[in-house]
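In what follows, a structure is listed as structure tokens, so that the remarks can point back to it.
The values are calculated or read from the model by the stated rules, or taken from the named source; none is laboratory data. A quick note: this is a predicted structure, and the numbers were derived from the prediction, not measured. Virtual Cβ from ideal backbone geometry, glycine too; neighbours counted across all protein chains shown.
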Ligand code: SAH
Ligand code: SF4
């Protein structure tokens, strides 16, 4: 592991100029209208900005040579192309990278929300795990994010900015140079370092539906960031009323955090189950627009020792999913300080996965990635907070010494 947290004190300034990076086409048109660009010109100008911001990854208006000098100057006077700050980066021996990103404060009282983002390189793809909220209102008992109280929803702009930051950090825009990491980041002609996105960071994406779907429209726009909808997966703990709408409006892949095969256990692991029990959840999955054998729904199942990992539960899982075009993802539990759970033993996971495999489901166990940098939900933030607390203590000590 390299590059531990840069635990700087939080006193981010209010950004003087709003950034255009991360805005939707409608948002850019509004920004142009606000500086007096006439309506008949706006579409064309939005197209130009779009190309520079999302295709080229421009960080300065000066680069935008097909936009007149006068308009470039007006843009620069009112707006910026800044990205949120990367406060900490950790790089795992397996190439997994974790960034703690601080969003600019939204008002004078806001210290700047911090969220985490994980990048997982594999030989044929690079997956970015993004957050949709700061914290989470839900309280799944095995999830560290569930212990943090929600600070706020992220805006579509802040969700898109996570990909822009990742592309910057990975040298993934045209003309940039990727970091030298011994070939772990996928690269080559026409290969993107970030090819896939999963909404599996902090937060429940379907509780921030409008911003998440707006962000997806920017991420998948063919003239900009150009991610395929089939390579974006939205993971939900089971917000049943929004599942169909996600398929209709965003058309992305769906992942369900199932984790239990009966309502009694799921009520304790994923308390939202009391509102939307397993039967309703699976009905929504059966009706998910676009689901088919070539577009399967992923069912996530976290392996908790002695809680949900028996062979009988593996068989029940297979039975439950009959008739749903499904993939099963067994996730070894990633422990965090203070948790009551442990990860199942490897033999138990193998036995469980054999039952699932023999029932016809491929690739069941998600290899733990970035274990050395605690690349699980909510952990970078808490680690950094610990470092900060230590730094603060050290400062207090100094104060005391000074006072003596
Ligand atoms: N709120 C959404 C998306 C974010 S959580 C959801 O719950 O689906 C992304 C995935 O990580 C979920 O499947 C979640 O159950 C799982 N997860 C959370 N904490 C975990 C931990 N400590 N170890 C392993 N997986 C965890
Ligand atoms: Fe929220 Fe998902 Fe964690 Fe549950 S698992 S607390 S829904 S982030």
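I'm trying to understand the selection: among the residues of the stretch 20-41, which are under 23 Å from residue 211 (Cβ atoms) and touching a residue at least 12 places away in the same chain (Cβ under 8 Å)? So that I can check it myself, show each step before the final result.
So the first thing to find is which residues in the stretch 20-41 are under 23 Å from residue 211 (Cβ atoms), and the list is 20-34.
Once the filter is applied, which keeps residues that are under 23 Å from residue 211 (Cβ atoms) and touching a residue at least 12 places away in the same chain (Cβ under 8 Å), the stretch 20-41 yields 20, 21, 22, 23, 24, 25, 27, 28, 29, 31, 32, 34.
Please work out if residue 271 is surrounded by fewer than 22 Cβ atoms within 10 Å (Cβ to Cβ), touching a residue at least 40 places away in the same chain (Cβ under 8 Å), in the same structural domain as residue 145 (by TED's automatic domain parsing) and within 12 Å of ligand 1 (Cβ to nearest atom). Steps first, answer last, please.
Numbers: surrounded by fewer than 22 Cβ atoms within 10 Å (Cβ to Cβ): yes; touching a residue at least 40 places away in the same chain (Cβ under 8 Å): yes; in the same structural domain as residue 145 (by TED's automatic domain parsing): yes; within 12 Å of ligand 1 (Cβ to nearest atom): yes.
In short, yes.
Determine if the stretch 136-156 includes at least one residue that is more than 16 Å from ligand 2 (Cβ to nearest atom), touching a helix residue (DSSP H, G or I) at 6+ places or on another chain (Cβ under 9 Å) and assigned to a strand (DSSP E or B).
Here is the first cut: in the stretch 136-156, the residues more than 16 Å from ligand 2 (Cβ to nearest atom) are 155-156.
Narrowing further to those that are touching a helix residue (DSSP H, G or I) at 6+ places or on another chain (Cβ under 9 Å): 155-156.
Now narrow it down to the ones that are assigned to a strand (DSSP E or B): none.
No, that holds for no residue.
Out of all the residues in the stretch 82-90, is one or more crowded, with 19+ Cβ neighbours inside 10 Å and in a loop (DSSP other than H, G, I, E, B)?
yes
The rows are residues; the columns are (1) within 16 Å of ligand 1 (Cβ to nearest atom); (2) in a loop (DSSP other than H, G, I, E, B); (3) in contact with a strand residue (DSSP E or B) (Cβ under 6 Å, 6 or more places away or on another chain); (4) assigned by TED's automatic domain parsing to the domain that holds residue 272.
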| residue | (1), (2), (3), (4) |
| --- | --- |
| 131 | yes, yes, yes, yes |
| 162 | yes, no, yes, yes |
| 174 | no, yes, no, yes |
| 184 | no, yes, yes, yes |
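I need the full set of residues from the stretch 186-200 which are part of a loop (DSSP other than H, G, I, E, B) and either within 16 Å of ligand 1 (Cβ to nearest atom) or at pLDDT below 90 (or both), in order please. Walk me through it before giving the result.
Filtering the stretch 186-200 down to residues part of a loop (DSSP other than H, G, I, E, B) leaves 186-195, 200.
The answer is 186, 187, 188, 189, 190, 191, 192, 200.
Evaluate the following for residue 241: is it farther than 24 Å from residue 339 by Cα, part of a loop (DSSP other than H, G, I, E, B) and free of Cβ contacts under 8 Å to residues at least 60 places away in the same chain?
On the way: farther than 24 Å from residue 339 by Cα: yes; part of a loop (DSSP other than H, G, I, E, B): no; free of Cβ contacts under 8 Å to residues at least 60 places away in the same chain: yes.
No.
Return the only residue of 134, 165, 160, 151 being at pLDDT below 95 and under 15 Å from the mean Cα position of the chain (by Cα).
Matching residue, one of 134, 165, 160, 151: 134.
Considering only residues of the stretch 334-350 that are surrounded by 15 or more Cβ atoms within 10 Å (Cβ to Cβ) and touching a residue at least 24 places away in the same chain (Cβ under 8 Å), which is farthest from residue 144 (Cα to Cα)?
348
So which of 251, 203 is touching a helix residue (DSSP H, G or I) at 6+ places or on another chain (Cβ under 8 Å), surrounded by 19 or more Cβ atoms within 10 Å (Cβ to Cβ), part of a loop (DSSP other than H, G, I, E, B) and in the same structural domain as residue 127 (by TED's automatic domain parsing)?
On the way: 251 fails: surrounded by 19 or more Cβ atoms within 10 Å (Cβ to Cβ).
Just one listed residue meets the conditions, 203.
Filter the stretch 229-246 down to the residues that are touching a strand residue (DSSP E or B) at 6+ places or on another chain (Cβ under 9 Å) and within 16 Å of ligand 1 (Cβ to nearest atom) and list them by number.
So in the stretch 229-246, the residues touching a strand residue (DSSP E or B) at 6+ places or on another chain (Cβ under 9 Å) come out as 229-238, 242-243, 246.
232, 233, 234, 235, 236, 237, 238, 242, 243, 246 - these are the residues of the stretch 229-246 that are touching a strand residue (DSSP E or B) at 6+ places or on another chain (Cβ under 9 Å) and within 16 Å of ligand 1 (Cβ to nearest atom).
Answer yes or no: is there a residue in the stretch 325-337 that is away from ligand 1 (no atom under 12 Å from the Cβ), in the same structural domain as residue 360 (by TED's automatic domain parsing), closer than 21 Å to residue 247 by Cα and part of a loop (DSSP other than H, G, I, E, B).
Checked against the condition, which is being away from ligand 1 (no atom under 12 Å from the Cβ), in the same structural domain as residue 360 (by TED's automatic domain parsing), closer than 21 Å to residue 247 by Cα and part of a loop (DSSP other than H, G, I, E, B), the stretch 325-337 yields at least one hit.
Restrict the check to the stretch 208-215 and report whether at least one residue is out of contact with any helix residue (DSSP H, G or I) (no Cβ under 6 Å at 6 or more places or on another chain), over 26 Å from residue 98 (Cα atoms) and at pLDDT 95 or above.
Here is the first cut: in the stretch 208-215, the residues out of contact with any helix residue (DSSP H, G or I) (no Cβ under 6 Å at 6 or more places or on another chain) are 208, 210.
This time we only want the ones that are over 26 Å from residue 98 (Cα atoms), so: 210.
Narrowing further to those that are at pLDDT 95 or above: 210.
Looking for residues that are out of contact with any helix residue (DSSP H, G or I) (no Cβ under 6 Å at 6 or more places or on another chain), over 26 Å from residue 98 (Cα atoms) and at pLDDT 95 or above, one finds at least one in the stretch 208-215, hence yes.
Since residue 147 meets every condition but one in (1) away from ligand 1 (no atom under 14 Å from the Cβ); (2) within 27 Å of residue 273 (Cα to Cα); (3) buried (at least 16 other Cβ atoms within 10 Å of the Cβ), which condition does it not meet?
Condition (1) is where residue 147 drops out.
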